Amino acid sequence: MPLETPARIVNELASRGYNAEREAVTLLADASDPAGALERALETVPDDALVISVDHVRESLEADAQSHVVEPGDPPAADHIGDSPLETDPSVSTGTDPPQSTDSEPGVPPETRGSPSRRSTRSADPAQRSIEVHNDMTGQSTGTGEYNDFVSVFRDRYEKLSKMLRGRVNHRPTDALERMGGGNDAGIVGMVSDIRSTASGHWLIELEDTNGTFPCLVMKDRAFADLVQELLYDEVIAVEGTLSDDASILFVDSLYFPDVPRTHDPSTADRHVQAALISDVHVGSQEFMADAWHRFADWLHTDEAAHVEYLLIAGDMVEGVGVYPDQDEELDVIDIYDQYERFSEYLEEVPGDIEIRMIPGNHDAVRLAEPQPAFDEELRDIMTAHDARVYSNPALVTVEGVTVLMYHGVSLDEVIAELPDEKASYDEPHRAMYQLLRKRHVAPQYGGHTRLAPEDRDYLVMEDVPDVFHTGHVHKLGWGKYHNVLAINSGCWQAQTDFQKSVNIDPDAGYAPILDLDTLEMTVRKFS
Ligand code: D5M
Ligand code: FE
Ligand code: ZN
């Protein structure tokens, strides 16, 4: 097996029962003949050694240098990943990014280039980096699942979202409306507690505030009646209209979502630096695409990826156990801890100088109900690779000034199921994300598909407008801008499962969206 990359060297050593220090692997990868250097290093290590140290490798390389002189005219060290297709799929090009040239077919080694580039090439001073998290609720969970917790979480949701809407309508508390008298104009800011169609095809929306509920009628022939199709239970909206003669119902003239202001002006990084935004790795599944992952990790070691200094992973790191009925039939690794061990090994393939941040998803070993806290210490101890940090799902992460809202995306299934195709579909997952941005909430609907955990506050409200919204879960790739917010749903690293086949989900697997943090432009790299 060719040993051009650190990842392959690590695998080769592991298959012979050795671990290795990271610098030892880097030294081997940079050797003119990595395979030979590895063999010689193994010859020199003491019989009882389990870890190949950097000193072992240096010793053998020095001995090697004395016996092997590189002659002028010798071929330069291979500098390209053996079989990476490294192409930008035209079907996923934004049109704004120049397509990357495809200089090799899968499996066909590309021509050797001039300079060695198969090592960590990030030359930027790490001191320039900045990444911080806001709204991480790990360790802050106070909910016990009691009735009062539900009251507080919904109260908090209402307070935060109604604040965004109050300026838009001349609102009145629901219990004051009847006293206003029929025929008056009035506004309401409320949580959607019921949506019904009437016998004549109009819409009756029940809105609830902290004082009670009030029925609001949207006539089917109004221009905005279409917006009713976008409504989900428990989201907070504002309406304005005229009270009926007996002041028992509001005839709606306009409807507002908390929304992202059109004037949102995203922040950008001060230098050219990139982040890879991926999700749904699903290590432990028989369909996990190890080869695509190796190519991705290999590519991160090349000059082309020199500006990729951050890797953000939006959940489903592992396949988990017992997530779906009969899931065990498709498991490659059946123990959840072993799955995380394996995941950590795959992370080790990523250059050590890339900052890794991740959040859990519904396949990960944390509570399913959202917000999901980060992994417990036991799991974090397993995932020591590169000092990767885990935050809660969702988490708002600021990377060199750019705020990225990371959310796994379970509610996208619900948005897609409830809304008409043209507003949200699996083929255009970013449109479903636009809906969440409009609602300023990552998982509005309670009691359905998405499980919500009551806490003393609603961590799922988008209090601040993010510059980038990063989700996964639906295993489809899609991105676009909504009111200047870049929404990216990042595909997966798992080929189609039997279940997905049965329901016609055709996953976009083996893609890595690469985001320029200085321009917020995207390039998608394909590794499958
Ligand atoms: O979810 C991947 C996608 O597939 C997401 O849209 C849910 C859907 N999915 C996958 N398996 C099932 C089952 N058994 N029931 C319902 N929906 C499913 P992921 O979180 O990766 O499993
Ligand atoms: Fe997933
Ligand atoms: Zn998922």
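Values in this text are rule-based calculations from the coordinates and carry no lab data. It should be emphasised that the depicted structure is a prediction, and the values quoted were computed from it without experimental measurement. All Cβ positions, glycine included, derive from the backbone under ideal geometry; neighbour counts span all protein chains shown.
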Check your understanding: Under 5 Å between amide H atoms, partner at least 5 residues away or on a different chain: which partners does HIS441 have, H built in plane at 1.01 Å?
Key -> MET462
Review point. Per-residue HN-Hα couplings for segment 202-207, Karplus 6.51 cos²θ - 1.76 cosθ + 1.60 at θ = phi - 60°, whole Hz, x for Gly and Pro?
Key: 7, 10, 10, 10, 8, 10
Check your understanding: Considering only Cα-Cα distances, which of the following residue pairs are longer than 27 Å: LYS423/LYS501; LYS160/LYS220; LYS439/LYS476?
Key -> LYS160/LYS220
Exercise for review: Take the Cβ-Cβ distance between ARG451 and ASP125 as r, set R0 to 35 Å, and report the resulting FRET efficiency rounded to the nearest 0.05.
Suggested key: 0.20
Study note, to complete from the structure: Which residues qualify? For HIS475, with a placed amide H closer than 5 Å and at least 5 residues away or on another chain, they are GLY491
Practice item. Might you report the magnitude of the Cβ-based charge dipole of segment 166-256 about its Cα centre, with Lys and Arg at +1 and Asp and Glu at -1, to the nearest 20 debye? Key: 160
Review point. What residues have an amide H closer than 5 Å to that of MET137, excluding those fewer than 5 places away on the same chain, when H is modeled at 1.01 Å from N in the peptide plane?
Key: SER392
Point to revise | Most to least packed among 161-169, 148-156 [average Cβ atoms within 10 Å] | key: 161-169, 148-156
Practice item. Would you mind putting 516-526, 240-250 in packing order, based on average other-beta-carbon counts within 10 Å, highest first? Key: 516-526, 240-250
**Study point:** Residues THR142, THR121, sorted so that the one with the fewest Cβ neighbours within 10 Å comes first
**Key:** THR142, THR121
Check your understanding: If we sort 454-462, 202-210 on the protection proxy, mean other Cβ atoms within 10 Å, highest first, what's the order?
Key -> 454-462, 202-210
Check your understanding: Does segment 177-332 come out rounded, prolate or oblate by the C-alpha gyration tensor, with a ≥ b ≥ c the root eigenvalues, rounded set by a/c under 1.5 and, if not, prolate when a/b is larger than b/c and oblate if not?
Key -> prolate
Review point. Using a ≥ b ≥ c from the Cα gyration tensor of segment 315-432 (square roots of the eigenvalues), is it rounded, prolate or oblate, where a/c under 1.5 gives rounded and otherwise the larger of a/b and b/c decides, a/b for prolate?
Key: oblate
Exercise for review: Work out the FRET efficiency for GLN140 and GLU345 from their Cβ-Cβ distance, taking R0 = 25 Å, and round it to the nearest 0.05.
Suggested key: 0.20
